[in-house]
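Working notes, beginning with the structure itself.
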Amino acid sequence: MESLLIKGGVPLCGEVTISGAKNAVLPIMAAALLTREPCVIRRVPNLSDVKFMGRILTWLGAEVHFQGDSVRIQARKIKGAGDYDLVRKMRGSICIMGPLLGRLKKAAVSLPGGCVIGARPINLHLKGFAALGAKVTIENGYVRAEARRLIGADLFLGGRAGSTVLGTANVMMAATLAEGVTVIESAACEPEVVDLACFLNAMGAKITGAGSPTLTITGVKQLHGAEHEVIPDRIEAATYAIAAAATNGEITLRGARADHLHAVFDKLRDTGVKLERQGSAITVRRNGRLKPVDITTLPYSGFPTDVQAQMMALMALTPGISIITERIFESRFMHVSELGRLGADIEIEGPSAIVKGGKPLSGAPVMASDLRASAALVIAGLAASGHTQVNRVYHLDRGYENMDAKLRKLGARVQRIEE
Ligand code: EPZ
C-alpha cells in the first residue's frame, strides 16, 4: 500500500489546474444508461472512483472507453442488476438505480452499507422510487425496485440533514422516462445536481428548476446520446485554496468556478485570506495573521461538509478558538485524532469540534480514514515541521487527481512511497 511522505514548511506557490468534479461525473456516467446511443463526457478526472464506475457500467453491459480526459459510453443492451461486490464497494454507485429503473422499469443493486463518516441510509432514494410507482423490496442484501409503469408524482425529498444529493440525482434520472410530470420539493441544489440536469436535458430530457429546491421533470418517451463537459471540482479547488493559506503561500487556481464556492471563500476571507479573480483564475494568498472562524456544514449553498476536515486543519494552525459543527454526517471527525498526532489541540463535543489553534504542528506518521480526512492530513503535513507520512493514501486517489504531482509543481516536498 502506498503512502505520501511530506517534508513540511514550504509555502506553496504557483498555478494548479482544477480537474473535473468527481461528484458530478459519477452520476453523469450512470445517466448514460438511460439511452442506447453513445454519450461522450469530457473533463473526466483520472480517479479510482471513476474507473470503478466504468467497471460497474461495463458489468451491466455498456461499452466504456476512456481516452485522455474523456469517456465514451454506449449502453445498447443492459442488465437490470448491478454486480453485488462491485456496487457494494463504492457508495456512489447507488446512482445506477435511477437510470436502470427509468429505462428498464427494474433495478437491483447491493444495499450500500454505512461508511466511516456515517450510516448513510438510502430511504429517501427508495421513497422517491416508490412515489413514481415502483415496488421496492430489500432482500438477500439486494435492494430492488420494479414497476410496470412509472408515473410522475409530487414528492418531498427532505430528510434528517435536509436534502440528499444522490437521492435527488437518482429520482430525477428515473423520472426523465416516467409518464407525466414529477415535482421534487426539497431537492438538492448542489452544482453537481445542476450539471447532471444539464447533461440529461442535452439527452432530450425536460428538466426545469435545477439548482433550486423545486425540481420539475416532464417525462419523455426516450432519450438520445449527448456530449458534455463536466464542471470543475469545487472541493478540489477549496482544498488547494486552504493549502495556500495553511502554508502561507500563493496559489492560482486555474479553471475553478468562484460562483460554486461562495460559502468557502466567504469563510476564508473572514480568516484573513485574500482571493483575487482574473478571468477564470483565482489567486489565493494569506494576508497577514490568520483569524479563527466558526463553521457549520450545511447543504449547498451552505458550507460544504466535504471541506470541513480541510478547514479544521487550517483552524488548527490559526491562533485562537474556532468551533466546527458537522450537521450533515454524524461521524465525520475521524481526522481529529490524527491531527492530534501532529500536535493539534481539538476536542469533540457532540456534533462540534472545539479547535484551540495556533500551536506549531510537527510531522508524524498518520492514518487516512476517508477521502477528505486524508486531504486534511496532507494540508497539516505541508504546514508542519519535519516529516509527515500519510498512510492509506488510496483514500486520496479516490477523489484527487495526481495530488502529489500537483503539489510538487507548487513547490511541495512530497513523494509517494510504499508503506
Ligand atoms: C454526496 O453524497 C457526495 N458524494 C458526498 O461527497 C457529499 O458529502 C454529500 O453528497 C453531501 O454533500 C457523491 O456525490 C458521490 P446525501 P450523498 O445523500 O448523496 C442523509 C466526498 O467526499 N440521507 O446528500 O450520499 C445522509 O445520511 C463525498 O466526495 C438520508 O438520511 O449524500 C446524510 O446525513 C463524501 N437518507 C445526508 O442525508 C437518504 O436516503 C446527506 O447525504 C439519503 C441521505
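The values are calculated or read from the model by the stated rules, or taken from the named source; none is laboratory data. Being a predicted model, the structure only gives us computed values, none of them experimental. Areas reflect the complete protein model, heavy atoms only, side chains present, ligands, DNA and RNA absent. Shrake-Rupley method; radii C 1.70, N 1.55, O 1.52, S 1.80 Å.
When the Gaussian network model of the chain links Cα atoms closer than 10 Å, the mean-square fluctuations of LYS77, LYS22, LYS206 top out at LYS77.
For the chain, with all protein chains in place and a probe radius of 1.4 Å, 51% of the accessible heavy-atom surface sits on carbon or sulfur. What relative contact order, as a whole-number percentage, does the chain give when Cα pairs under 8 Å and 6 or more residues apart are counted? Normalised by residue count, the contact order of the chain is 21 percent.
By a 1.4 Å probe calculation restricted to protein chains, SER19 has an accessible surface near 10 Å², given to the nearest 10. Dividing the alpha-carbon radius of gyration of region 193-334 by the rule-of-thumb value 2.2 N^0.38 Å gives 1.25. In plain terms, the C-alpha convex hull of region 4-142 casts an average shadow of 10.9 nm² when viewed from every direction.
Across region 38-141, Cα pairs under 8 Å and at least six residues apart give a relative contact order of 20 percent.
Once the mean of 1/r is taken over each pair of separate Cα atoms and inverted, region 286-419 shows a Kirkwood hydrodynamic radius of 15.0 Å.
Pairs over the 32 Å Cα-Cα cut-off, from the set LYS51/LYS77; LYS51/LYS274; LYS51/LYS267; LYS135/LYS206; LYS22/LYS77; LYS206/LYS274: LYS51/LYS274; LYS51/LYS267; LYS206/LYS274.
What separates the Cα centres of region 29-100 and region 130-187 is a distance of 20 Å. Of the residues ARG408, ARG332, the one with the largest accessible area comes first in the ranking ARG408, ARG332, computed with a 1.4 Å probe on protein heavy atoms. With a 1.4 Å probe rolled over the protein heavy atoms of all chains, the accessible area of LEU166, LEU298, LEU155 falls in the order LEU298, LEU166, LEU155, largest first.
For region 235-303, taking Cα atoms only, Rg and Dmax work out to 11.4, 31 Å respectively.
Mind pulling the per residue volume of the convex hull built on the Cα atoms of the chain? Å³ is fine.
Numbers: hull volume 50.8 nm³, N = 419.
Cα-based convex hull of the chain, divided per residue, equals 121 Å³.
Accessible surface area normalised per residue over the chain is 38 Å², counting heavy atoms of protein chains with a 1.4 Å rolling probe.
Remark on region 34-84: hydrodynamic radius 11.2 angstrom, per the Kirkwood mean of 1/r across alpha carbon pairs. Each Cα pair under 8 Å and six or more residues apart adds its sequence gap; the mean of these over the residue count of region 125-203 is a relative contact order of 29 percent.
Ranking CYS115, CYS13 from most to least accessible surface, computed with a 1.4 Å probe over the protein chains only, gives CYS13, CYS115. Here region 101-177 is described by how far its Cα atoms reach on the three principal axes: 37, 29, 15 Å, from widest to narrowest. Between region 194-258 and region 278-310, the alpha-carbon centres lie 18 Å apart.
How long are the three semi-axes of the equivalent ellipsoid of region 50-110, in whole Å, if each is the root of 5 times an eigenvalue of the C-alpha gyration tensor, listed from largest down? Display every interim value, and only then the final one.
Numbers: eigenvalues 68, 40, 16 Å².
Sorted largest first and rounded, they come to 18, 14, 9 Å.
Listed by chain and number, the aspartates and glutamates placed with their C-alpha closer than 14 angstrom to that of LYS356 are ASP294, ASP345, GLU347; residues fewer than eight positions away on the same chain are left out.
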